[in-house]
Amino acid sequence: VLKKLPLLEVSEAQREGAFREAQLMRKISRNCPFITQFHEVLLCRGGTVLCLIMEYCSGGDLRGEICRQRDEAEGQKFAEDRLLRWASHIALALRHCHSR
């Protein structure tokens with residue numbers, strides 16, 4: 001997946017945040033199956049666009065799953081085992097981040 005940020009169209013704080021995100025993703029994404037893998041950061045178009053190259057997650061993301069449930073399931077709740085699995089994955093990802 002290619003995540004692009006046009007550097008000329010954002011504030012200095014947003015640019016700094018994007019570079020911090022790239023550094024952080026490079027540091028934490030290795031060796032954890034619960035964090036999207038970061039591959040590379042590039043400056044493109046003469047340094048005006050920051051590009052983050054990351055793993056493609058074919059199953060989508062948690063936000064997308066929550067929105068699908070809200071829109072398609074008409075008020076049905078998620079199964080408890082599914083919620084527990086997500087919570088454990090999030091906890092393991094956080095543990096990995098804090099160990100770095």
Report yes if some residue within region 18-29 is of a type in the set (Asp, Glu) and within 19 Å of residue 92 (Cβ to Cβ); otherwise report no.
no
Counting only residues in region 4-31 that are within 14 Å of residue 43 (Cα to Cα) and among the aliphatic types (A, V, I, L, M), the one nearest to the chain's Cα centre (by Cα) is identified as 22
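No lab work stands behind these numbers, since they all come straight from the coordinates. All values derive from a computational prediction rather than experimental measurement. Neighbour counts run over all protein chains shown; Cβ positions are idealised from the backbone, glycine included.
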